[in-house]
Amino acid sequence: MKKSALLVLIIGASILIVGIAYAGVSGSKHDFSIGGTSGFQADTETEVCIFCHTPHGASDVPLWNKTTNSTGYTMYNSTVSSTLDATVPTAPTGVSLLCMSCHDGVSAINVVVNYGPNGPISMPAASDQLGDLSYPPSRNPNLTKDLSNDHPVSFIFDTNLITLDAAGGPAQLKLPVAPLKLFVGKLECATCHDPHEEGKSTGTTPFLRMSNAGSDMCLTCHIK
Ligand code: HEC
Ligand code: HEC
Ligand code: HEC
Ligand code: HEC
């Protein structure tokens, strides 16, 4: 092998290794530690997982470190066209409710159930909840408690729903396959999103479990 070809190979391999090393929560928009790059940054806290998980005394699964509140929600319902067949609850449940413990726009990012060894986490008051910053309307991460304009979540997605939706005609839905997944049989925020992987290096932003290029993710479940 020529020296130059070998060099190209080595450089290529190191880019790959660096790429892998930077994937994950650290450095993502879900990294609220002092070292992170999110628009929401703690003044001194260095722990990354603490904003969502605690090793002990959790409020919920999976070792959830925030209080959840299911009051005051409006959920998606296509009453105008009456095409929605899923039974959507009056508030998000399960994993979706966990996402809403920040994405409701009013819950403080730095308030958790169990603090680390240095006690309460300080964060600038002007950027400690999603409602503090303004975004363009279409890319606004502040979902608010009005989820009526968001893809339905927290409902059971099984073969009964597929049959009900087909109403005697050909199926319009199919059950998701990996990397998409249901949580105890339900379609949740984390069915489409992986909160740990922003996807900057994999082309799966924003935190999607797979690329939605060509609407491929939508077409995993919708036969359209
Ligand atoms: C912004 C919030 C958030 C942060 C930060 C976060 N997680 Fe999570 N994590 C979640 C949510 C929500 C779930 C449940 C949904 C799921 O399984 O994808 C979860 C699930 C998990 C699970 C169980 C499911 C699985 O994938 O194995 C583990 C383990 C986990 N997280 C570890 C971590 C670790 C370690 C860190 C820090 C490096 C971390 N998480 C940071 C939100 C977060
Ligand atoms: C601890 C608080 C917290 C939790 C819990 C949390 N998020 Fe976030 N998330 C944020 C904040 C804050 C931002 C905005 C960061 C920014 O704009 O820099 C964000 C941004 C995002 C984005 C947009 C990223 C982009 O590129 O614009 C997505 C998608 C997202 N979160 C999905 C989820 C999902 C899905 C869950 C649950 C599985 C979840 N988040 C749980 C705080 C949280
Ligand atoms: C059926 C799949 C699906 C579900 C379920 C879903 N999302 Fe998303 N979400 C997406 C896709 C796809 C995008 C990217 C949209 C784009 O690029 O135009 C997105 C974008 C986002 C963004 C970035 C801001 C924006 O408006 O584009 C946030 C924040 C977010 N989702 C949070 C959530 C939360 C929280 C839940 C649960 C309440 C959720 N998502 C449920 C597919 C989903
Ligand atoms: C994990 C599977 C899954 C993915 C991925 C998914 N959907 Fe859905 N979607 C569903 C299910 C199940 C329903 C509920 C259908 C029903 O009850 O009739 C639904 C409902 C909807 C509805 C409302 C239908 C109505 O009757 O009001 C629309 C529109 C929709 N999805 C579009 C999308 C788009 C666009 C994407 C990609 C950004 C997407 N979906 C991704 C499973 C999925």
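The values are calculated or read from the model by the stated rules, or taken from the named source; none is laboratory data. In this text the structure is predicted, and so the values were computed from the model without any measurement. All Cβ positions, glycine included, derive from the backbone under ideal geometry; neighbour counts span all protein chains shown. What goes into the accessible areas is simple: the full protein's heavy atoms, side chains included, and nothing from ligands, DNA or RNA. Shrake-Rupley method; radii C 1.70, N 1.55, O 1.52, S 1.80 Å.
So which residues in segment 204-224 are open to solvent by 40 Å² or more (accessible area, probe 1.4 Å), in contact (Cβ under 8 Å) with a residue 40 or more places away in the chain and either charged (D, E, K, R) or assigned to a loop (DSSP other than H, G, I, E, B) (or both), if there are any at all?
Pro206, Ile223, Lys224
Can you go through Ala171, Ala178, Ala190 and tell me which one is in contact (Cβ under 8 Å) with a residue 24 or more places away in the chain and either over 24 Å from Val48 (Cα atoms) or among the basic types (Lys, Arg) (or both)?
Of Ala171, Ala178, Ala190, the one residue that is in contact (Cβ under 8 Å) with a residue 24 or more places away in the chain and either over 24 Å from Val48 (Cα atoms) or among the basic types (Lys, Arg) (or both) is Ala171.
Working carefully through the options Ser107, Ser96, Ser101, find the one that is more than 23 Å from Met217 (Cα to Cα), among the hydroxyl-bearing types (Ser, Thr, Tyr) and open to solvent by less than 20 Å² (accessible area, probe 1.4 Å).
Ser101
Residues in segment 178-192: is at least one open to solvent by less than 60 Å² (accessible area, probe 1.4 Å), under 30 Å from Thr37 (Cα atoms), of a type in the set (Phe, Trp, Tyr) and not in a helix (DSSP H, G or I)?
Checked segment 178-192: at least one residue is open to solvent by less than 60 Å² (accessible area, probe 1.4 Å), under 30 Å from Thr37 (Cα atoms), of a type in the set (Phe, Trp, Tyr) and not in a helix (DSSP H, G or I).
Using the structure shown, decide if Ser134 is exposed (fewer than 14 other Cβ atoms within 10 Å of the Cβ), within 14 Å of ligand 2 (Cβ to nearest atom), small (Gly, Ala, Ser) and assigned to a loop (DSSP other than H, G, I, E, B).
Answer is yes for this residue.
Which condition number does Val153 fail, the rest of (1) within 16 Å of ligand 1 (Cβ to nearest atom); (2) outside any loop (DSSP other than H, G, I, E, B) being met?
It is condition (2) that Val153 fails.
Does Val61 meet the test of being away from ligand 3 (no atom under 16 Å from the Cβ) and under 27 Å from Glu197 (Cβ atoms)?
Against the criterion (away from ligand 3 (no atom under 16 Å from the Cβ) and under 27 Å from Glu197 (Cβ atoms)), Val61 qualifies.
So if I check each of Thr163, Thr202, Thr191, Thr220, which one is of a type in the set (Ser, Thr, Tyr), out of contact with any strand residue (DSSP E or B) (no Cβ under 6 Å at 6 or more places or on another chain) and either under 30 Å from Gly57 (Cβ atoms) or within 14 Å of ligand 1 (Cβ to nearest atom) (or both)?
Step by step, each of Thr163, Thr202, Thr191, Thr220 is checked, and only Thr191 is of a type in the set (Ser, Thr, Tyr), out of contact with any strand residue (DSSP E or B) (no Cβ under 6 Å at 6 or more places or on another chain) and either under 30 Å from Gly57 (Cβ atoms) or within 14 Å of ligand 1 (Cβ to nearest atom) (or both).
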